[in-house]
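The values are calculated or read from the model by the stated rules, or taken from the named source; none is laboratory data. Fair warning: this is a prediction, and the values are worked out from it, not measured in the lab. Quick reminder, even Gly has a Cβ in these numbers, built from the backbone with ideal geometry, and neighbours come from all protein chains shown.
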Amino acid sequence: MTKDILLAAVIGAQGLKGAVKVKTFTADPDALGAYGVLHDASGKTYEITAFRTAKPGEAVIAFKGIADRDAAEALKGTELFVRRAALPETGEDEFYHADLIGLEAFDAHGRLVGRIAAIHNFGAGDVIAIHRADGDEVLLAFSRETVPEIDIKGGRVRIAVPEEDEADGPHPNVA
């Protein structure tokens, strides 16, 4: 399965010559230009012709074929992706958030809690979203305390369920 990794999102036009301002999701915003051609969710490609960092977490980019402010404004909201294979390999205890999506989440007793649906960051740190079989969603701070074990190759993580949830006993949809 080929995964696309979200690297940036266009937040608006910059100037009159077609440049766009983007919010970057890379550890180093300067690295955005190093991944080559980007694409949107529909598969349309965007070749970077000029790049400069702006304020922290943002960059100004010019794309081939986007030559005026109107064309740049039309890109507002566009998410920019790269294939997972284009990213550098991770170290032993490293991973990309996208590698976690879809992994099964088990509690300390080996009971299936659900599947990881997303990793969010609302400003106070990463939050892991786990969809349960009953359609409910569990949100936990994404830390070593709440997710002490990650086994990407095995397709699973172990989570520490908060005590008040564990006191209710096993989830009714868990065998």
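Only one of these is modelled with pLDDT of 85 or more, in contact with an Asp or Glu (Cβ under 6 Å, 6 or more places away or on another chain) and of a type in the set (D, E, K, R): K64, K76. Name it. Lay out the reasoning, then the answer.
Details: K76 fails: in contact with an Asp or Glu (Cβ under 6 Å, 6 or more places away or on another chain).
The unique qualifying residue is K64.
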With the condition being within 21 Å of the chain's Cα centre (by Cα) and either without any contact (Cβ under 8 Å) to a residue 12 or more places away in the chain or surrounded by 19 or more Cβ atoms within 10 Å (Cβ to Cβ) (or both), I'd like the strands (runs of 3 or more DSSP E) fully within segment 1-71 carrying at least 2 qualifying residues. 4-14, 19-24, 58-63
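Can you tell me which residue in segment 117-140 is nearest to D99 (Cα to Cα), limited to those that are part of a strand (DSSP E or B) and over 13 Å from the mean Cα position of the chain (by Cα)?
Of segment 117-140, the ones part of a strand (DSSP E or B) are 117-121, 126-131, 137-140.
Imposing the further condition that a residue be over 13 Å from the mean Cα position of the chain (by Cα) reduces the set to 130-131, 137-140.
Numbers: I130: 14, H131: 16, E137: 19, V138: 19, L139: 18, L140: 18 Å.
Only one residue tops the list, namely I130.
Say we look at segment 2-60 and pick out the residues that are on the phi > 0 side of the Ramachandran plot and out of contact with any Pro (no Cβ under 9 Å at 6 or more places or on another chain); which of these is modelled with the lowest pLDDT?
Going through segment 2-60, the residues on the phi > 0 side of the Ramachandran plot turn out to be 12, 15, 18, 36, 43, 57.
Restricting the remaining residues to those that are out of contact with any Pro (no Cβ under 9 Å at 6 or more places or on another chain) gives 12, 15, 18, 36, 43.
Numbers: G12: 95, G15: 92, G18: 94, G36: 83, G43: 92.
Here the answer is G36.
Would it be correct to say that H97 is more than 30 Å from G15 (Cα to Cα) and either in contact (Cβ under 8 Å) with a residue 24 or more places away in the chain or among the polar types (S, T, N, Q) (or both)? Break it down into steps so the answer makes sense when it comes.
Details: more than 30 Å from G15 (Cα to Cα): yes; either in contact (Cβ under 8 Å) with a residue 24 or more places away in the chain or among the polar types (S, T, N, Q) (or both): yes.
The answer is yes for H97.
When only residues in segment 97-117 that are of a type in the set (A, V, I, L, M) and exposed (fewer than 15 other Cβ atoms within 10 Å of the Cβ) count, which is farthest from E149 (Cα to Cα)? Explain how you work it out, then say what you get.
From segment 97-117, those of a type in the set (A, V, I, L, M) are 98, 100-101, 103, 105, 108, 112-113, 116-117; that's our starting set.
Remaining after also requiring exposed (fewer than 15 other Cβ atoms within 10 Å of the Cβ): 101, 108.
Numbers: I101: 15, A108: 10 Å.
Here the residue is I101.
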If I ask for residues that are outside any loop (DSSP other than H, G, I, E, B) and surrounded by 10 or more Cβ atoms within 10 Å (Cβ to Cβ), which ones from segment 82-96 would you list? V82, R83, R84, A86
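Yes/no per residue for (1) touching a residue at least 40 places away in the same chain (Cβ under 8 Å); (2) in contact with a helix residue (DSSP H, G or I) (Cβ under 9 Å, 6 or more places away or on another chain); (3) under 23 Å from D4 (Cβ atoms):
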site: F81; (1), (2), (3): yes, no, yes
site: L87; (1), (2), (3): yes, yes, yes
site: G110; (1), (2), (3): no, no, no
site: I119; (1), (2), (3): no, yes, yes
site: A124; (1), (2), (3): no, no, no
site: A129; (1), (2), (3): no, no, yes
site: V138; (1), (2), (3): no, yes, no
site: I150; (1), (2), (3): yes, yes, yes
